[in-house]
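K.L.:
The structure's right below; bear with me while I get my questions together.
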Amino acid sequence: MKTFKVLSAILSYPSAELVAAAGDLAAALDTENLLPRSQRRALDTFLRELGEVDLYELQERYVILFDRSRSLSLHLFEHVHGESRDRGQAMIDLKSLYETNGLGITATELPDYLPLFLEFLSTRPMAEATELLGQTVHILTTLAERLHKRQSSYSAVLHALIALSRATPKADELAAVLPDEGVDPDDLEALDAAWEEEPVTFGPSAAASCGKDGLIAKLRAARRPAGADTNNLS
């Protein structure tokens, strides 16, 4: 589905090719016509901005938002597991789901990167893609609110994804998303401290739970009450 591929592209690091393709991206959205009118208009504004703002500035904005701010990370499991070992097994399972369905990724790509997840969804039937996207709606909603708070036009992309998911987040899911650390992206010492946690670990030692149901469990892990069996989350 082209709509998922378009949203994947515009959530990726801005490039000259992306800017040049803004018109084609808008046309692809119009062809499928999957988005409500309000989200579609907001995306038009976003795509026009791509063509009007200097590329270097677009890239700088992107880095400040998504690379320097942990609470705006585009890695889905970051908002559920942080850098714990649970995230490592979750990404192994997600990578397995991709490969089982014909999407190979490189060794340098993290499976939970939102643009990559959307690329995968673009290859799936609409019902399945919508179901899987819906499992992330609490994360998408949190990101949309945080981007809106920062007056970022990227909030339009997240609101489009929420609309596509056809899901409504539950209060306990939203409450369990890791909090906004509120670190100034220009304060490099504070950023280092915020990111200084246990590294993500991969390997066969964690319990295996591959497949779509395992993915859903991990994307919903933030809703589990304190004291839940962590073996079922990893």
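K.L.:
Kindly provide the set of residues from the stretch 135-154 that are of a type in the set (Gly, Ala, Ser) and under 12 Å from the mean Cα position of the chain (by Cα), ordered by number.
P.N.:
Ala144
K.L.:
Out of (1) farther than 17 Å from Val157 by Cβ; (2) of a type in the set (Lys, Arg); (3) in contact (Cβ under 8 Å) with a residue 40 or more places away in the chain, what's the single condition that is false for Lys95?
P.N.:
(3)
The rows are residues; the columns are (1) polar (S, T, N, Q); (2) modelled with pLDDT under 75; (3) over 16 Å from Leu72 (Cα atoms).
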| position | (1), (2), (3) |
| --- | --- |
| Arg150 | no, no, no |
| Ser155 | yes, no, no |
| His159 | no, no, no |
| Glu197 | no, yes, yes |
| Ala207 | no, yes, yes |
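K.L.:
How many residues does the stretch 98-112 contain that are in contact (Cβ under 8 Å) with a residue 12 or more places away in the chain and surrounded by fewer than 22 Cβ atoms within 10 Å (Cβ to Cβ)?
P.N.:
Count: 6.
K.L.:
Being in contact with a Gly (Cβ under 9 Å, 6 or more places away or on another chain) and of a type in the set (Gly, Ala, Ser) narrows it down to one residue among Gly104, Gly88; which is it?
P.N.:
The match here is Gly88.
K.L.:
Do any residues in the stretch 121-135 that are more than 19 Å from Gly104 (Cα to Cα) have Cβ atoms under 7 Å from those of residues that are among the small types (Gly, Ala, Ser) and surrounded by 19 or more Cβ atoms within 10 Å (Cβ to Cβ), where the two are at least six apart or on different chains, and which pairs are they?
P.N.:
Thr130/Ser165; Leu133/Ser165; Gly134/Ser165
K.L.:
Right, another one. List the helices (runs of 4 or more DSSP H) inside the stretch 75-178, counting only whole elements, that have at least 1 residues being on the phi < 0 side of the Ramachandran plot and small (Gly, Ala, Ser).
P.N.:
85-100, 126-134, 137-149, 155-165, 171-176
K.L.:
Now, a different point. Going by the structure shown, is Ser38 touching a His at 6+ places or on another chain (Cβ under 9 Å) and either under 27 Å from Glu109 (Cα atoms) or part of a helix (DSSP H, G or I) (or both)?
P.N.:
When the stated conditions are applied, Ser38 passes them.
K.L.:
Follow-up question, since we're still on this one. Thr3 is checked against (1) farther than 20 Å from Leu121 by Cβ; (2) in contact (Cβ under 8 Å) with a residue 60 or more places away in the chain; (3) in contact with a Leu (Cβ under 6 Å, 6 or more places away or on another chain) and fails just one. What number does that condition carry?
P.N.:
(1)
K.L.:
Can you say whether Glu32 is surrounded by fewer than 18 Cβ atoms within 10 Å (Cβ to Cβ), free of Cβ contacts under 8 Å to residues at least 24 places away in the same chain and over 19 Å from the mean Cα position of the chain (by Cα), as far as the supplied structure shows?
P.N.:
Judged against the criteria, Glu32 is not a match.
Residues are listed down the side, and each one gets a yes or a no for (1) more than 24 Å from Val177 (Cβ to Cβ); (2) in contact with a Pro (Cβ under 8 Å, 6 or more places away or on another chain); (3) not β-branched (Val, Ile, Thr):
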site: Ile10; (1), (2), (3): no, no, no
site: Leu47; (1), (2), (3): yes, no, yes
site: Glu57; (1), (2), (3): yes, no, yes
site: Glu78; (1), (2), (3): no, no, yes
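The values are calculated or read from the model by the stated rules, or taken from the named source; none is laboratory data. Computed from a predicted model, the values in this text were never measured in an experiment. When we count neighbours, we look across all protein chains shown, and the Cβ atoms used for this are built from the backbone with ideal geometry, even at glycine.
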